[in-house]
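Below is one structure, written out as structure tokens, with a few remarks after it.
No value in this document is a laboratory result; all are computed from the given coordinates. These numbers were taken from a predicted model, which means no experiment stands behind them. Every residue, glycine as well, gets a Cβ built from its backbone with ideal geometry; the counts of neighbours run over all protein chains shown.
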Protein chains: 2
Amino acid sequence: MLLSGGLDSATVLAIARSQGYECYCLSLDYHQRHVAELKAAARVAQSLGAKAHRTAQLDLSMFGGSALTDSHIDVPESPTQGIPVTYVPARNTIMLSLALAWAEVLESQDIFIGVNALDYSGYPDCRGEYVKAFQAMANLATKSAVEGKTITVHAPLIDMTKAEIIQQGVKLGLDYGLTVSCYQADEAGHACGLCDSCRFRREGFAKAGVADPTIYQAKD
Amino acid sequence: MLLSGGLDSATVLAIARSQGYECYCLSLDYHQRHVAELKAAARVAQSLGAKAHRTAQLDLSMFGGSALTDSHIDVPESPTQGIPVTYVPARNTIMLSLALAWAEVLESQDIFIGVNALDYSGYPDCRGEYVKAFQAMANLATKSAVEGKTITVHAPLIDMTKAEIIQQGVKLGLDYGLTVSCYQADEAGHACGLCDSCRFRREGFAKAGVADPTIYQAKD
């Protein structure tokens, strides 16, 4: 299971745990701007009783091309047209590939990812058709798959709104105060309240009728 | 372009250069046993006039599950049944994902990989159907693809024998003495002569009628 430390993947972990899965959680330290999410991932994994949590190190700033991996590109603080500059080239493909490697070694046939295609930023690798294509590729890629252990890529949030995701997590007892969504969270994990990710999160709590536990950065 | 430092990917680089491509070569330091191949990759990239050569760092020994990433699993020194333990879970998927990320940042629509499905070890991620499935997934994964810049994953060696690959490289002036194929090459890049990779390489030179430039390790 991919675990970023954000709201969505934490909810996926809660869902998978409620379904009885033993969960091996994988985070990626890709030298992202919002490195506070990695601490959040560790908190969430422990809180929800993950079987294991590992963080792979892979410096995607070697390629750049995103506000999250190139410090010269600012995170937009108001909505933009099209796919925003916070899109990280091939990030989900890289992370799912790592999950596929670990799944094969674990002899697991199930990969979970917290993508959703409604309240999101239009990232191409958050759509159902992408997830299906990754799964088809994965089932030709590995020794296990060739030997008959097919892989399922689960994306339980794919058709849910942010409000529905939050309601589901709350129902499962998830403490969203553990999670960090902000693209430019400070070291303490406090949120800017302005970026796309903060905006979707804040609106989600409002629409869900759930108190927002996010701590926002103090403004001058 | 993925460049391992071995015979196959060096030939792919020679082919792509002969077709006029500006080549950006990507190697992966995944803490492989045969780290000498990375030095070979640098030599090959320079010799063939690559535009750039980068080496990503990603420690796949965190997952293990292969003789190439787990020092407790020996490299077989005679042919084995089925897919051998030198198979690295999801390695080509991980490397192609990284190539996809870099290609998108470079605004390139062409990825090259040196897989071949004849004289090989039966690795699932070296087959044409796998490459096609990766390409289909890639074309749903990226912002560039969604905006109409489709990606082609070129695998020019896919249907060639090792001998044909070598003949093609020699015709293009490639010096195979620069390359290292051995799974347990020593620091100097000298080959064991016993592993699958050495065996395919040695037989390839013999069948191609080309002198084998490989330097083998001195035996006691």
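Observations, loosely collected:
- Cα centre as origin, Lys/Arg/Asp/Glu Cβ charges: the range A:81-140 dipole, Debye: 200 debye
- Highest-fluctuation residue, A:ALA208, A:ALA155, A:ALA56 considered, GNM on chain A with Cα pairs under 10 Å: A:ALA56
- Here the contact order of the range B:61-220, divided by its residue count and restricted to Cα pairs under 8 Å and six or more residues apart, works out to 20 percent.
- Hydrodynamic analysis of the range A:113-220 uses the Kirkwood radius over alpha carbon pairs. Inserted into Stokes-Einstein at 20 °C and 1.002 mPa s, it gives a translational diffusion coefficient of 136 µm²/s.
- Net charge in the neighbourhood of A:GLN167 (other residues with Cβ under 15 Å of its Cβ; Lys, Arg +1, Asp, Glu -1) is -3.
- Highest-MSF residue in chain B out of B:THR142, B:THR161, B:THR69 [GNM, Cα springs under 10 Å]: B:THR142
- Percentage relative contact order, the range B:1-98, counting C-alpha pairs under 8 Å, at least six apart: 26 percent
- Positive-end ranking of A:VAL146, A:TYR130, A:GLY189 along the dipole of chain A, with charges on Cβ about the Cα centre, is headed by A:VAL146.
- For the peptide B:80-91, the mean number of other protein chain Cβ atoms found within 10 angstrom of a residue's Cβ is 4.
- Relative to the longest principal axis of the Cα atoms of chain B, the long axis of helix B:7-18 makes an angle of roughly 40 degrees.
- The magnitude of the dipole of the protein assembly as shown, with charges of +1 and -1 set on the Cβ of Lys/Arg and Asp/Glu and taken from the Cα centre, is near 280 debye.
- Residues of the range A:1-37 with an amide N closer than 14 Å to a point placed 7 Å from the Cα of A:SER47 along the Cα-to-Cβ direction: A:4-15, A:37.
- Bins of 20 Å from zero: percent of alpha-carbon pairs in the protein assembly as shown: 26, 53, 19, 2
- Inter-copy label distances for B:GLY128: 3.3 nm (label point placed 7 Å from Cα along Cα→Cβ; shortest first).
- At 7 Å out from Cα toward Cβ: A:HIS31 inter-copy label distances (nm, ascending): 1.9
- A Förster radius of 35 Å combined with the Cβ-Cβ distance from A:LYS132 to B:SER18 puts the calculated FRET efficiency at roughly 0.40.
- Report summary: the helix-based calculation at 222 nm, which adds -39500 (n - 2.57) for every DSSP H run with n ≥ 4 and divides by the residues of the protein assembly as shown, gives -11500 deg cm²/dmol.
- Counting beta carbons within 10 Å around each of A:THR55, B:THR93 and listing the fewest first gives the order A:THR55, B:THR93.
- Value of Rg/Rh across chain B [Cα atoms, Kirkwood radius]: 0.95
- Taking the fewest neighbouring Cβ atoms within 10 Å as the starting point, the ordered list for A:PHE134, A:PHE112, B:PHE200 is B:PHE200, A:PHE112, A:PHE134.
- The residues B:VAL44, B:VAL115, B:VAL105, when put in order of fewest to most other Cβ atoms within 10 Å, stand as B:VAL105, B:VAL115, B:VAL44.
- Exam field: A:ASP74 pseudo-label spacings to other copies (7 Å along Cα-Cβ), nanometres: 6.2
- Peptide B:99-109 has a mean of 5 when you count, residue by residue, the C-beta atoms of other protein chains within 10 Å of its C-beta.
- Using only side-chain charges placed at the Cβ, +1 for Lys and Arg and -1 for Asp and Glu, the dipole size of the range A:7-208 relative to its Cα centre rounds to 360 debye.
- Pairs with C-alpha atoms separated by more than 27 Å, drawn from the list A:LYS51/A:LYS149; A:LYS219/B:LYS143; A:LYS51/B:LYS132, are A:LYS219/B:LYS143; A:LYS51/B:LYS132.
- Unit charges at the beta carbon, dipole of the protein assembly as shown: most positive-side option, B:LEU178, A:MET62, A:PHE205: A:PHE205
- Separation between Cα centres of the range A:35-110 and the range A:112-131, rounded to whole Å: 14 Å
- A Gaussian network model of chain A, with springs between Cα atoms under 10 Å, assigns the largest mean-square fluctuation among A:ALA117, A:ALA185, A:ALA136 to A:ALA136.
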